[in-house]
Amino acid sequence: MERHITLGEFIVENQKDFPYAKGELSALLSSIRLAGKMVNQQINKAGLAEILGKAGKENIQGESQAKLDVMANDIFISSLRKRGEICGLASEELEDYLVFDDRIHKNAKYVVLIDPLDGSSNIDVGITVGTIFSIYRRITPEGSKVELKDYLQPGTKQVAAGYLIYGTSTILVYTTGNGVNGFTFDPGIGSFFLSHPSIKFPATGSTYSVNEGNYVHFPAGIKKYIKWVQELNEEENRPFTSRYTGSLVADFHRNMLLGGIYLYPQGTTAPKGKLRLLYECNPLAFLAEQAGGKASDGLKRIMELQPEELHERVPFICGNKEMVEKAEEFLTSCKS
Ligand code: P6P
C-alpha cells in the first residue's frame, strides 16, 4: 500500500513555495515540527505527571500560567533558536520580544510570533489545545538587531503561518501562501504524514462558534446575527448548530474542515475583543483565506490591519466567506 508523504518530504518537494529562501523556511518548519512533537509528548503525559496545574507565574496577559504553557513556550523557543534561522521571536507568554543577536542569528532573515499553547486552561480537563505560529521576513537589515517594527507587520506580509492541534490526534496545519495542508502525527513512527491535502472550507457552513455567555456585552449587530442563525429557516439550513469548545484552534480546525464561523466580538468587558492580532488572528486569517474563507474584525480584513502593539487585541470573525459576510452585514446595518 502506497504510504502518505511525510511533512519533511512535502517540504522538500515544495521548496519552490518558499520564494528567495535557500532552505531557511524549510528548516524553520522542521524546527516547529520537532517542537510540536515534544509538546505533544508533554501534553499526553499531563494527566499523569506533576506538570498539571498552574506554574504559579503570571504571563503578560495577567493570566496564571499553567505549567505546560511555560514548558511549551520554552520548547518552541529553544527548538526555533537552535536552527539559527530567526533573529527574534515574540510570544503570548513573554511581555517583550526576544532578540537573537549572536553572530549566527543576527544575520537570519525571519522572525516568528507564537502562541505556544492556546486554550491551555482546557488542559486539566482533557480538552484539545493548540499552538499557533506566524512567520515574517524581517524589515531591518540582516546583521542588525531585530526591532519592534519587524514584528508589527500587517498579516499580508506573513511568509508562513500555521497551527498544531493536540487533540484526538496531533495535526500540523500550515500555509506558505500556496494553499493549506495538514499533517497527522504517527507516534508509532514519530513522523507527520500528509493527511489533509489542499484544505478548503466547504461551499457552505452551518456551525457557529461564539461564547453566548457574553451575549449581553455584544454589539447590536452581533446580537442580531446570533438571533438570525437561531431562526427556523429550512431553506437556509437554519437554525445553525452551536459548537464552542473554549479552544480557538479546535473550533477553527473543525470549522475549516466542516464549514462554520468563529466569532470573538468586542464587548463592554472586552472593548477590543480577547484574541491577539499578531499570533492568533493573523496566522488563522492567512490560513482561512488560503482555504477560501474570510477573516475580519467585523469591518476590515484582519490581514490588512496595521499592528500598533505586540499584544494588541482585535475583534475576530473568521470562517466560511458567506457566513463572515453575513455577520459583517448585520454589524454594518446596525452601524448606520
Ligand atoms: P472565553 C483561550 O483562552 C482563548 O484564547 C481561545 O482559545 C478561546 O476560543 C477563547 O480564548 C475562549 O475565551 O472568553 O470564551 O472563555
Listed residues Glu304, Glu280; which is surrounded by fewer than 18 Cβ atoms within 10 Å (Cβ to Cβ), modelled with pLDDT of 95 or more, within 18 Å of the chain's Cα centre (by Cα) and under 30 Å from Glu95 (Cβ atoms)? Glu304
Pick from segment 234-275, criterion part of a strand (DSSP E or B) and near the ligand (Cβ under 8 Å from one of its atoms), ranking: surrounded by the most Cβ atoms within 10 Å (Cβ to Cβ): Tyr262
Inside segment 181-218, the number of residues satisfying the requirement of being buried (at least 16 other Cβ atoms within 10 Å of the Cβ) and among the β-branched types (Val, Ile, Thr) is 4
Regarding Ile222, is this residue within 21 Å of Gly273 (Cβ to Cβ), among the aliphatic types (A, V, I, L, M), out of contact with any Pro (no Cβ under 7 Å at 6 or more places or on another chain) and assigned to a helix (DSSP H, G or I)? no
Tally of residues being assigned to a loop (DSSP other than H, G, I, E, B) and under 18 Å from Tyr174 (Cα atoms) across segment 105-127: 0
Taking the criterion of being in the same structural domain as Ala90 (by TED's automatic domain parsing) and out of contact with any helix residue (DSSP H, G or I) (no Cβ under 9 Å at 6 or more places or on another chain), would at least one residue in segment 171-185 satisfy it? yes
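Output the residue which, of all residues in segment 123-156 that are of a type in the set (Asp, Glu) and surrounded by fewer than 20 Cβ atoms within 10 Å (Cβ to Cβ), is farthest from Ile43 (Cα to Cα). Quick ask: steps written out before the conclusion?
If we filter segment 123-156 for residues that are of a type in the set (Asp, Glu), which is where we start, we get 124, 142, 147, 150.
Imposing the further condition that a residue be surrounded by fewer than 20 Cβ atoms within 10 Å (Cβ to Cβ) reduces the set to 124, 142, 147.
On the way: Asp124: 10, Glu142: 36, Glu147: 33 Å.
Step by step, filter segment 123-156, then rank; the result is Glu142.
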When the residues of segment 70-93 are narrowed to those that are aliphatic (A, V, I, L, M) and within 23 Å of Ile139 (Cα to Cα), which ends up nearest to the ligand (Cβ to nearest atom)? Ala90
Take segment 94-122 and flag every residue that is within 14 Å of the ligand (Cβ to nearest atom) and buried (at least 24 other Cβ atoms within 10 Å of the Cβ). Ile114, Asp115, Pro116, Leu117, Asp118, Ser120
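Matching residues to (1) among the charged types (D, E, K, R); (2) assigned by TED's automatic domain parsing to the domain that holds Tyr174; (3) under 17 Å from Val173 (Cα atoms):
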{"site": "Leu277", "(1), (2), (3)": "no, no, no"}
{"site": "Pro283", "(1), (2), (3)": "no, no, yes"}
{"site": "Glu289", "(1), (2), (3)": "yes, no, yes"}
{"site": "Met303", "(1), (2), (3)": "no, no, no"}
{"site": "Val314", "(1), (2), (3)": "no, no, no"}
Please indicate, with yes or no, whether at least one residue in segment 148-159 is among the basic types (Lys, Arg) and out of contact with any Cys (no Cβ under 9 Å at 6 or more places or on another chain). yes
All positions within segment 283-301 that are under 15 Å from the mean Cα position of the chain (by Cα) and in contact (Cβ under 8 Å) with a residue 60 or more places away in the chain: Pro283, Leu284, Ala285, Phe286, Leu287, Ala288, Gln290, Ala291, Gly293
Cβ-Cβ under 7 Å, sequence separation 6+ or interchain: first residue in segment 234-249 and in contact (Cβ under 8 Å) with a residue 12 or more places away in the chain, partner more than 16 Å from the ligand (Cβ to nearest atom) and in a loop (DSSP other than H, G, I, E, B). Which pairs? Asn237/Ser206; Arg238/Glu231; Arg238/Leu232; Phe240/Ser206; Thr241/Ser206
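Here's the yes/no breakdown for (1) over 17 Å from the mean Cα position of the chain (by Cα); (2) touching a residue at least 12 places away in the same chain (Cβ under 8 Å); (3) part of a strand (DSSP E or B):
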{"site": "Ile135", "(1), (2), (3)": "no, yes, yes"}
{"site": "Lys149", "(1), (2), (3)": "yes, no, no"}
{"site": "Thr156", "(1), (2), (3)": "no, yes, no"}
{"site": "Ile165", "(1), (2), (3)": "no, yes, yes"}
{"site": "Leu172", "(1), (2), (3)": "no, yes, yes"}
{"site": "Asn181", "(1), (2), (3)": "no, yes, yes"}
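The values are calculated or read from the model by the stated rules, or taken from the named source; none is laboratory data. Computed from a predicted model, the values in this text were never measured in an experiment. In this analysis, Cβ positions are derived from the backbone assuming ideal geometry, glycine residues included, and neighbour counts consider all displayed protein chains.
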